[in-house]
Amino acid sequence: MAEPQHHVTPVSTYVYVFLALLVCTVLTYFAAKADFGLLNNFIAMAIAITKALLVLYFFMELRHSTRMTVLTAAAGFFWLFLMIGLFLMDYGTRMAVVLPVPGK
Amino acid sequence: MDTIAARAPVTTTAETSFERPNYLNSSYGWKSWLLTLDHKRIAILYLISVTAFFALGGIFAGLVRLELLTPEGDLMGPDTYNRVFTMHGVIMVFFFLIPAIPAVLGNFLVPLMVGAKDLAMPRLNLASWYVYNLGGLFTLWAVVHGGVDTGWTFYTPFSTTYSNTYVIPTALGIFITGFSTIFTALNFIITIHRMRAPGLSWFRLPLFIWSTYATSLIIMLGTPVIAITILLVGIERGFHIGIFDPRLGGDPVLFEHMFWFYSHPAVYIMILPAMGVVSELVGHFARKKVFGYRIVAFASVAIAVLGFLVWGHHLFVAGESVYSATVFSVLSMLVAVPSAVKVFNWTATLYEGSISYQTPMLYALGFIGLFTIGGLTGVMVATLGIDVHVHDTYFVVAHFHYVMVGGTIMAYLGGLHYWWPKMTGRLYSTFLSRLSALLVFVGFNLTFFPQFILGYLGMPRRYWSYPPEFQVLNVLSTAGATVLGVGYLLPICYFGWSLRYGAKSGNNPWGAVSLEWDTPSPPPTENFYTTPVVTHGPYEYLAEDVHNRLTQEANFE
């Protein structure tokens, strides 16, 4: 396995990423106030995923990490999606119970 | 007193005539222990801590069994009973069963088995012990102030809205302790990846290392989820923010999903290291390479992965959709496949092996039998039709005790007996240790087998009283718990005795060929005087080794 090379990230990069995260937070707030119909969840998740990627890529330095580290981070996300996916399998397949009305 | 030294094939007088510097005598005083960075000393610290919690959990178990001796609630009322069984579950699961094998045997053995001087991050390792005890203190505080009555599962909305007991301190204790297991798992993963001795390829690793690795993966991926779940319970209870309470717009089934996403794999956190121990014991005491080594190694990883996909079987009657329940039922049965692979391979290893019935092997054989019963009844309760009937009955209680107690504790004790000479350089009484193994096996079955029948007949769990017709089986169960208690007390006595009076064991009393026995017992602080170069697998016994041991045994008999 290749040894990771040492990279020095300028402070300005962290400042820009931090500002981008703040902008995304403000966007989340306004997105929650507006009604986009079916797109509500999609927009909220898109902003959240963008923020997570920014943290992973810059703050956690995944862009300069070994493939093993990237794989480890990806495994964490895979497991998260697995968990949410199987939760949704339950919530998405629940049927409304229709009780028989006596006398009908 | 006859000791295992009488059968030691490679102990020599020269080895025992003087005391080498080792991790036990390298420094003295309480500071040298409480500030140690040596993985072996940290393992001993963990041994003391988990034994104390095991004793406390055992006292609560004794109170439960004592109350159930008669159908009426003679000893305690329902509220007290609720607290007693909850504290039994919380302490045993989070403070004994989960950390026992990884934190004690894993801490001691992982660096030795991979030929390293220590774990990758010794300070993090020591921190994990302190964090574990800090979590334990929170829980003990809750115990002293009256405990908690929610059951170890903390189901909502009872835990968030209705319970008037110490939910938050107990949950906080579990939350904190979770970090200690994460620290340990992280250390193991990095050590196994980065610090293996020259020549020690993945397929020359002992199976205990494979199972510890798989366990560490589960801990890393699962523990954050229980931490978040517990935090959400605290937020809902403290700030009335609706997450699980339907009145506040939450969903109690969501709690069950989140709780069991960790807590079912937690069963594999308990049982996988136990399987690793049993693989070592079966290989060494049959003097054979473990049958299907690679398959057994991959089965550990398969159990770790599949174990994450089965949690929904705890929700069959909780409002989960029928479609989802059917999928989880099938997935739950799938996890039985790699588990069965292991059991069949251990059995195949015994075939035509040169089997030695020393105490650790008795525990290993006990494990195979009890785990098989626990596993097969697991397949039964994974079946939707059966689970609907036996859910929340003593059938389930018996099933998970066969896995978690009959499996994990049998293997833990087997491992302690096997590596005790390595850890302390001392021997213990063969007679008493065999008696203990027998008492544990008999006591365990007498305690829990009647509970299968009780559950099948419909006795629900978590009640302090029951109909009189169930008394005979409950008396049997309580009698068995008494025998089991004696079986557990005995090792504390003779291990304690051996620390001071036990004969010196020599470096390798079992004549084992794996790497941890390739260094003095007890090992020096740096584990190996020179970095070992590994040229063979951990179970490569030569015909000559087997012949030597058989000759020694024949002379002894």
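At-a-glance table
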item: In the range B:235-252, the residues that are outside any loop (DSSP other than H, G, I, E, B) and surrounded by fewer than 17 Cβ atoms within 10 Å (Cβ to Cβ); result: B:I235, B:G238, B:F239, B:P246, B:R247, B:L248
item: Candidate set: the range A:62-72, residues that are in contact with a helix residue (DSSP H, G or I) (Cβ under 9 Å, 6 or more places away or on another chain) and more than 12 Å from every other protein chain (Cβ to nearest Cβ); chosen: the one surrounded by the fewest Cβ atoms within 10 Å (Cβ to Cβ); result: A:R63
item: Verdict on A:A20 being within 14 Å of another protein chain (Cβ to nearest Cβ), part of a helix (DSSP H, G or I), under 16 Å from the mean Cα position of the chain (by Cα) and farther than 28 Å from B:D251 by Cβ; result: no
item: Test: B:F255 is buried (at least 23 other Cβ atoms within 10 Å of the Cβ), more than 14 Å from the chain's Cα centre (by Cα) and in contact (Cβ under 8 Å) with a residue 40 or more places away in the chain; result: yes
item: Filtered residues of the range A:78-99 (kept if exposed (fewer than 11 other Cβ atoms within 10 Å of the Cβ), farther than 15 Å from B:A325 by Cα and either within 9 Å of another protein chain (Cβ to nearest Cβ) or at pLDDT below 75 (or both)); result: A:A96, A:V97, A:V98, A:L99
item: Scan of the range A:3-56 for residues that are among the hydrophobic types (A, V, I, L, M, F, W, C) and touching a Cys at 6+ places or on another chain (Cβ under 6 Å), ordered by number; result: A:I47
item: The lone exception for B:K289 - which of (1) touching a Phe, Trp or Tyr at 6+ places or on another chain (Cβ under 6 Å); (2) at pLDDT 95 or above it fails; result: (2)
item: Test: residue in the range B:244-265 that is of a type outside the set (V, I, T), away from every other protein chain (no Cβ under 14 Å) and closer than 17 Å to B:S332 by Cα; result: no
item: Filtered residues of the range B:69-81 (kept if touching a residue at least 24 places away in the same chain (Cβ under 8 Å) and farther than 21 Å from B:T165 by Cβ); result: B:L69, B:T70, B:P71, B:E72
item: Residues of the range B:300-347 satisfying the condition of being among the aromatic types (F, W, Y) and within 13 Å of another protein chain (Cβ to nearest Cβ); result: B:F308, B:W311, B:F316, B:Y323, B:F328
item: Residue match in the range B:265-276 (condition: over 23 Å from B:T408 (Cβ atoms) and open to solvent by 10 Å² or more (accessible area, probe 1.4 Å)); result: no
item: Of the criteria (1) within 14 Å of another protein chain (Cβ to nearest Cβ); (2) under 30 Å from B:R194 (Cα atoms), which one A:V8 fails; result: (1)
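For every residue, the table says whether it meets (1) without any contact (Cβ under 8 Å) to a residue 40 or more places away in the chain; (2) outside any helix (DSSP H, G or I); (3) among the hydrophobic types (A, V, I, L, M, F, W, C); (4) open to solvent by 20 Å² or more (accessible area, probe 1.4 Å).
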residue	(1), (2), (3), (4)
B:T377	no, no, no, no
B:I386	yes, no, yes, yes
B:V396	no, no, yes, yes
B:H399	no, no, no, yes
B:T408	no, no, no, no
B:K422	no, no, no, no
B:Q451	no, no, no, no
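The values are calculated or read from the model by the stated rules, or taken from the named source; none is laboratory data. Quick caveat: nothing in here was measured; it's all calculated off a predicted structure. Counting neighbours? That spans all protein chains shown, and the Cβs are built from the backbone with ideal geometry, glycine included. The area values use the complete protein model at the heavy-atom level, side chains included, leaving out ligands, DNA and RNA. Shrake-Rupley method; radii C 1.70, N 1.55, O 1.52, S 1.80 Å.
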